[in-house]
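Colleague: Got a structure for you, questions after.
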Amino acid sequence: MRVAVVQTNPVFANVKSNLEEVCGYISREHADVFVLPELFNTGYNFIDAEEVAAFAETADGPTYQKMFSLAKDRASYICYGFAEKADRLYNSAILVGPEGLVGLYRKVHLFSREKLFFAPGDLGFPVFDLPFGKVGMMICFDWIFPESARSLALGGADLILHPSNLVLPHCPDAMITRCLENRVFAATANRVGTESRGGIVLSFIGKSEIISPRGEILHRLGDSQPGIGVADIDISLARNKQVTEFNHVMDDRRTAQYRLT
């Protein structure tokens, strides 16, 4: 299968042009799965919760309808991040395919000022069946908690879809470890550029990437330019959890020896 990560430089609040940018990338490239950044349609640097509420959409809102149409047209699956309007406001990701909604994930580990606007995710780390294998989602800062990727791996995920708006420099290299310790593929889609709003300046690091279960960087984009990165993967490699003849990353876990709380 072919996986693609789309790296964008969205204009805050210009949903129409942000959608058009992404549609252009997806229309020009073939992939089975496309991963877009966190909050790709609106931008990231909200001033307050009222502003988030003004731009948030329901899971079946206009952005979903556009992505569903594109997924049908391209016979592909698209994972994207958006501000979700539900019982509360969530920093969420949707996986949509030619048949419609596949799954919804709400960010569990909120980063920095996100805690002022969003409620923590309440759906856990679900895993979804696609024709080529099992996939799960996490969003941006979830990477720093090993439990996020481990929960997806324990749920059977072969591939982690990871919409992001990274500002800290550590994630691209840390995802190598996440893939190694769980023997899974991961596709991290980040953004580039700077947003300065309400006295808060954020610069995003790019480096969107696709990583193998062996910790290989199959594709990594640069730190300043939008673009798209693709990699052909053999997803069955994620089902081999052997490290050596005698070691298995799941079977060798000694949970009775771990402090879990």
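Colleague: Has segment 74-84 got any residue that is assigned to a loop (DSSP other than H, G, I, E, B) and more than 25 Å from Gly206 (Cα to Cα)?
Modeller: Scanning segment 74-84, I find at least one residue that is assigned to a loop (DSSP other than H, G, I, E, B) and more than 25 Å from Gly206 (Cα to Cα), so the answer is yes.
Colleague: Just to be sure, is Asp32 farther than 18 Å from Gly229 by Cα, at pLDDT 95 or above and out of contact with any His (no Cβ under 7 Å at 6 or more places or on another chain)?
Modeller: Here the answer is no, as Asp32 does not meet what is asked.
Colleague: Of the conditions (1) touching a helix residue (DSSP H, G or I) at 6+ places or on another chain (Cβ under 8 Å); (2) without any contact (Cβ under 8 Å) to a residue 60 or more places away in the chain; (3) open to solvent by 40 Å² or more (accessible area, probe 1.4 Å); (4) of a type outside the set (Val, Ile, Thr), Leu166 satisfies every one except a single condition; which number is it?
Modeller: Only one criterion is unmet by Leu166, namely (3).
Colleague: Please tell me if Asp142 is under 13 Å from the mean Cα position of the chain (by Cα) and of a type in the set (D, E, K, R).
Modeller: Yes, satisfied.
Colleague: Picking from Ile205, Ile235, Ile228, which residue would you name as being in contact with a helix residue (DSSP H, G or I) (Cβ under 7 Å, 6 or more places away or on another chain) and modelled with pLDDT of 95 or more?
Modeller: Answer to the selection: Ile228.
Colleague: Only strands (runs of 3 or more DSSP E) wholly contained in segment 165-261 count here; list those with 1 or more residues that are among the hydroxyl-bearing types (Ser, Thr, Tyr) and more than 23 Å from the chain's Cα centre (by Cα).
Modeller: Answer list for segment 165-261: 192-197, 242-244.
Colleague: Out of the residues in segment 196-214 meeting the condition of being of a type outside the set (Ser, Thr, Tyr) and open to solvent by 60 Å² or more (accessible area, probe 1.4 Å), tell me which one is farthest from Glu38 (Cα to Cα).
Modeller: So, considering only residues that are of a type outside the set (Ser, Thr, Tyr) and open to solvent by 60 Å² or more (accessible area, probe 1.4 Å), the one farthest from Glu38 (Cα to Cα) is Arg214.
Colleague: Quick one: in segment 118-161, of everything that is part of a loop (DSSP other than H, G, I, E, B) and acidic (Asp, Glu), which residue is least open to solvent (accessible area, probe 1.4 Å)?
Modeller: Among those residues, the one meeting the criterion is Asp158.
Colleague: Can I ask one more? On the basis of being of a type in the set (Asp, Glu) and crowded, with 24+ Cβ neighbours inside 10 Å, does Asp173 make the cut?
Modeller: No: the conditions fail for Asp173.
Colleague: For segment 24-63, give me each residue that is among the hydroxyl-bearing types (Ser, Thr, Tyr), within 16 Å of Gly103 (Cα to Cα) and crowded, with 19+ Cβ neighbours inside 10 Å.
Modeller: Selection gives Thr63 alone.
Colleague: What about Tyr44, is it in contact (Cβ under 8 Å) with a residue 60 or more places away in the chain and farther than 20 Å from Pro131 by Cα?
Modeller: When the stated conditions are applied, Tyr44 passes them.
Colleague: So which residues in segment 206-224 are in contact with a Cys (Cβ under 8 Å, 6 or more places away or on another chain) and among the hydrophobic types (A, V, I, L, M, F, W, C), if there are any at all?
Modeller: Hit for segment 206-224 is Ile211, nothing else.
Colleague: Turning to a different aspect of this structure: Need pairs with beta-carbon distance below 7 Å; first residue touching a residue at least 60 places away in the same chain (Cβ under 8 Å) and within segment 221-239, second assigned to a helix (DSSP H, G or I) and open to solvent by 30 Å² or more (accessible area, probe 1.4 Å); sequence gap 6+ or separate chains.
Modeller: Pairs that qualify, where the first residue is touching a residue at least 60 places away in the same chain (Cβ under 8 Å) and the partner is assigned to a helix (DSSP H, G or I) and open to solvent by 30 Å² or more (accessible area, probe 1.4 Å), are Ile228/Tyr25.
Colleague: How many residues does segment 75-117 hold that are hydroxyl-bearing (Ser, Thr, Tyr), over 19 Å from Gly133 (Cα atoms) and open to solvent by 20 Å² or more (accessible area, probe 1.4 Å)?
Modeller: Residues flagged as hydroxyl-bearing (Ser, Thr, Tyr), over 19 Å from Gly133 (Cα atoms) and open to solvent by 20 Å² or more (accessible area, probe 1.4 Å) within segment 75-117 amount to 1.
The values are calculated or read from the model by the stated rules, or taken from the named source; none is laboratory data. Worth saying up front: this structure is predicted, and the values here are computed from it rather than measured. Backbone-built Cβ (ideal geometry, glycine too); neighbour counts: all protein chains shown. Each accessible area value is taken on the protein alone, full model and side chains, heavy atoms only, with ligands, DNA and RNA left out. Shrake-Rupley method; radii C 1.70, N 1.55, O 1.52, S 1.80 Å.
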